[in-house]
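Engineer: Shown below is the structure under consideration.
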Amino acid sequence: MNGAESLVHTLLNAGIDTVFANPGTSEMHFVAALDRIPGVRCVLCLDENVATGAADAYWRMRGKPAATLLHCGPGLANGLANLHNAMRAHSGIVNIVGDQATYHRPLDAPLTADVEGWARPVSGFVRRAASAERVGADAAAAIEAAGTYPGHIATLILPADTAWDEGGIIGVAAPPLPPARANTQAIETAAKLLRGGEPTMLLIGGAALQEAPLWVAHSITQATGAKMLGPVSPARLARGRGRVPLMRIPYPVDMALEALKGTKNLILVGTTAPVAFFAYPGKPGYLYPEDCTVHVLARPDEDGPGALAALAAALGLQALGIQPQSGPRGDDIKLEPATGAITPEKLAQSLAALIPKEAIIIDEAISYGRGFFPYTFNAPNHDWLQLTGGAIGAGLPMATGAAIGAPERRVIALQADGSAMYTVQALWTQAREHLNITNIILANRKYAILLHELANVGANPGPTAMNMLNLSNPDLNWVKLAEGMGVAAAQASNMDQLNELLAGSLNRSGPFVIELLI
């Protein structure tokens, strides 16, 4: 058994059966081992950033890691943007990076790079295999690190000779440990604050954004008069009729400050204190009032759902399933899609009316999507996944990974056209794997968010600056781009056309692209 074969067996023994790959010469023995040893689904991606973005969403939907296979330092560099997003989402990934053979590395061949240095900022674990005999044990350690709550990127560097040399030994990864419980004192402090009557807000993140813990949080706010919000960009949020209609902190600083205005106590559950994405002249970096005190009920690496349950018990709450005081309930409500000219609100209305139960929404709509949330609470139950780290180009890869991670569910990607061009290659993988994904490309042919940011930072743009934010001349043609990658596509210029195409796409197998002219 060579080192590569021991790696494949170690992955399979730990339940890791999916690899998102863009391999090169250094990884050929691992590729060959994947061929000889059945059981691993090998998903070819035409860019490393597609592989890493897909692995991110796979974890979000499955709760277990996939592996990535990247080629040397430059291949890792190509995938870093979506590894950054995955790190911010606390996604577990076994990130395998091939490298020069141990004896060839000192020769400084063209692809030689500081792989550890590039991997470390996005990884919770980095290790270079030293020999074929060590590959299995090192892989087991990486798997354990990736699955450690709440999830980490574990980078295993695999020199070519450690893959092809004989002497491999299968590693055994320990099962993941349960998350640490929140501090008892933190629970008592939060209960005291909630009884105290001061304006208090729960900021909910991480695993506490699933359906059951959100109901617990809702019961706490109903009983105490506190408010609650979610983060600007949740990794995964349970939504839909009959679920808690949790609002997020708005992205614009002024709107965020208004949402938290008057809060005296901010209690963090599975997340960190909210800050602005960027610095703006004359505006604060933290998004809560200066006289607000921040308290931690549960850190991101602690059991947020358990902390909420313990807090509810400390408050003497027994009935944790209180329904919302307003809003539709049940599955018998008939929503109607919007008609006429396209607006963000109408698009959200049609989504709420047409998406199937248990759909997965991938949101990289950027500025156009800010108005979607309030209009999709009444949709059938679904999960909402967002761009967590701000590195654009995540949407189409995430749709790919979510569809592989949850093949029984329809995936709908709400995708800005500019950021879609970063990882357009994901469409090819969607076609190759025959994934049930509806990609709605929001084609405004501009970097619209940067037009807002010009005003936010107080810049005074002229024609050169404005031209740098314009994606026309020539216009992108998403129907031709999609068809060139094997994905059926059509264009919509009004809501009636969108409704027809969206409904039709949900009744067909395989991927589909709707270019929505907005």
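Engineer: For segment 371-388, what are the residues that are touching a His at 6+ places or on another chain (Cβ under 9 Å) and farther than 16 Å from Glu336 by Cα?
Structural biologist: Thr388
Engineer: Can I ask one more? Which numbered condition trips up Val94, out of (1) over 13 Å from Val50 (Cα atoms); (2) within 13 Å of the chain's Cα centre (by Cα)?
Structural biologist: Among (1) over 13 Å from Val50 (Cα atoms); (2) within 13 Å of the chain's Cα centre (by Cα), Val94 violates only (2).
Engineer: Mind listing just one residue for me: the one in segment 92-110 that is part of a helix (DSSP H, G or I) and not aliphatic (A, V, I, L, M) and, of those, nearest to Thr10 (Cα to Cα)?
Structural biologist: Arg105
Engineer: From the set of residues in segment 346-360 that are under 19 Å from Gly242 (Cβ atoms) and among the small types (Gly, Ala, Ser), which is nearest to the chain's Cα centre (by Cα)?
Structural biologist: Ala359
Engineer: Any residue in segment 111-130 that's in a strand (DSSP E or B): show its pairings with residues that are surrounded by fewer than 16 Cβ atoms within 10 Å (Cβ to Cβ) at Cβ separation under 8 Å, as long as the two are six or more apart or on different chains.
Structural biologist: Pairs found: Val126/Arg120.
Engineer: Could you run through segment 216-235 and say how many residues are of a type outside the set (A, V, I, L, M, F, W, C) and either within 22 Å of the chain's Cα centre (by Cα) or not in a helix (DSSP H, G or I) (or both)?
Structural biologist: 6
Engineer: Among the residues of segment 157-179, count how many are among the acidic types (Asp, Glu) and closer than 16 Å to Glu144 by Cβ.
Structural biologist: So the answer is 0.
Engineer: Then there's this: Does any residue of segment 16-34 turn out to be at pLDDT 95 or above and closer than 17 Å to Val172 by Cα?
Structural biologist: Yes: one or more hits.
Engineer: All but one of (1) crowded, with 20+ Cβ neighbours inside 10 Å; (2) in contact with a strand residue (DSSP E or B) (Cβ under 7 Å, 6 or more places away or on another chain); (3) at pLDDT 95 or above hold for Ile366; which doesn't?
Structural biologist: (3)
Engineer: Something else now. Could you identify the single residue in Ala208, Ala238 that is part of a helix (DSSP H, G or I), at pLDDT 95 or above, under 25 Å from Phe277 (Cβ atoms) and in contact with a strand residue (DSSP E or B) (Cβ under 7 Å, 6 or more places away or on another chain)?
Structural biologist: Ala208
Engineer: What about Ala129, is it in contact with a Pro (Cβ under 8 Å, 6 or more places away or on another chain) and within 16 Å of Arg105 (Cα to Cα)?
Structural biologist: In short, yes.
Engineer: When you go through (1) modelled with pLDDT under 95; (2) more than 24 Å from Ala57 (Cα to Cα); (3) within 24 Å of the chain's Cα centre (by Cα) one by one for Pro281, which number turns out not to apply?
Structural biologist: All conditions pass for Pro281, except number (3).
Engineer: Now for a different question. Quick check: anything in segment 5-15 free of Cβ contacts under 8 Å to residues at least 40 places away in the same chain and surrounded by fewer than 20 Cβ atoms within 10 Å (Cβ to Cβ)?
Structural biologist: So far as segment 5-15 goes, yes, one or more of its residues are free of Cβ contacts under 8 Å to residues at least 40 places away in the same chain and surrounded by fewer than 20 Cβ atoms within 10 Å (Cβ to Cβ).
Engineer: Would you mind finding the one in Pro213, Pro178 that is of a type outside the set (Gly, Ala, Ser) and touching a Pro at 6+ places or on another chain (Cβ under 7 Å)?
Structural biologist: Pro213
Engineer: Just to be sure I understand, how many residues within segment 285-317 are among the acidic types (Asp, Glu) and not in a loop (DSSP other than H, G, I, E, B)?
Structural biologist: So the answer is 1.
Engineer: Report the residue count in segment 343-363 for those that are surrounded by fewer than 20 Cβ atoms within 10 Å (Cβ to Cβ) and either in a loop (DSSP other than H, G, I, E, B) or touching a Ser or Thr at 6+ places or on another chain (Cβ under 7 Å) (or both).
Structural biologist: Selection size over segment 343-363: 4.
Engineer: Name the residue that is surrounded by the fewest Cβ atoms within 10 Å (Cβ to Cβ), counting only residues in segment 48-66 that are out of contact with any helix residue (DSSP H, G or I) (no Cβ under 6 Å at 6 or more places or on another chain) and not in a helix (DSSP H, G or I).
Structural biologist: Residue satisfying both the conditions and the ranking: Gly63.
Engineer: Now for a separate question. How many of the residues making up segment 180-237 are among the hydroxyl-bearing types (Ser, Thr, Tyr) and either buried (at least 23 other Cβ atoms within 10 Å of the Cβ) or under 27 Å from Gly147 (Cα atoms) (or both)?
Structural biologist: 3
Engineer: For segment 352-382, what are the residues that are closer than 22 Å to Phe20 by Cβ and either assigned by TED's automatic domain parsing to the domain that holds Cys42 or touching an Asp or Glu at 6+ places or on another chain (Cβ under 8 Å) (or both)?
Structural biologist: Residues satisfying the conditions are Ile360, Ile361.
Engineer: Identify all residues within segment 30-47 that are crowded, with 22+ Cβ neighbours inside 10 Å and over 19 Å from the mean Cα position of the chain (by Cα); write none if there are none.
Structural biologist: Phe30, Ala33, Leu34
Engineer: Only residues in segment 227-243 that are at positive phi count as the first member; pair them with residues that are not polar (S, T, N, Q) and not in a loop (DSSP other than H, G, I, E, B), Cβ under 8 angstrom, at least 6 apart or cross-chain, and list the lot.
Structural biologist: Cβ pairs passing all conditions: Gly240/His382.
Engineer: Tell me, which residue of segment 249-270 that is within 18 Å of Ala226 (Cα to Cα) and β-branched (Val, Ile, Thr) is surrounded by the fewest Cβ atoms within 10 Å (Cβ to Cβ)?
Structural biologist: Per the stated criteria, the residue is Ile249.
Engineer: Have a look at Pro213, Pro178 and point out the one that is of a type outside the set (A, V, I, L, M, F, W, C), touching a residue at least 40 places away in the same chain (Cβ under 8 Å) and either part of a strand (DSSP E or B) or not assigned by TED's automatic domain parsing to the domain that holds Pro234 (or both).
Structural biologist: None of the others qualify; the one that does is Pro178.
Rundown of residues vs (1) in a helix (DSSP H, G or I); (2) in contact with a Gly (Cβ under 7 Å, 6 or more places away or on another chain), yes/no style:
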{"position": "Gly369", "(1), (2)": "yes, no"}
{"position": "Pro374", "(1), (2)": "yes, no"}
{"position": "Phe377", "(1), (2)": "no, yes"}
{"position": "Asp383", "(1), (2)": "no, no"}
{"position": "Thr388", "(1), (2)": "no, no"}
{"position": "Leu414", "(1), (2)": "no, yes"}
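The values are calculated or read from the model by the stated rules, or taken from the named source; none is laboratory data. The shown structure was predicted, so the numbers you read here are calculated from the model rather than taken from an experiment. A quick note on method: Cβ atoms are made from the backbone with ideal geometry, for glycine too, and the neighbour counts reach across all protein chains shown.
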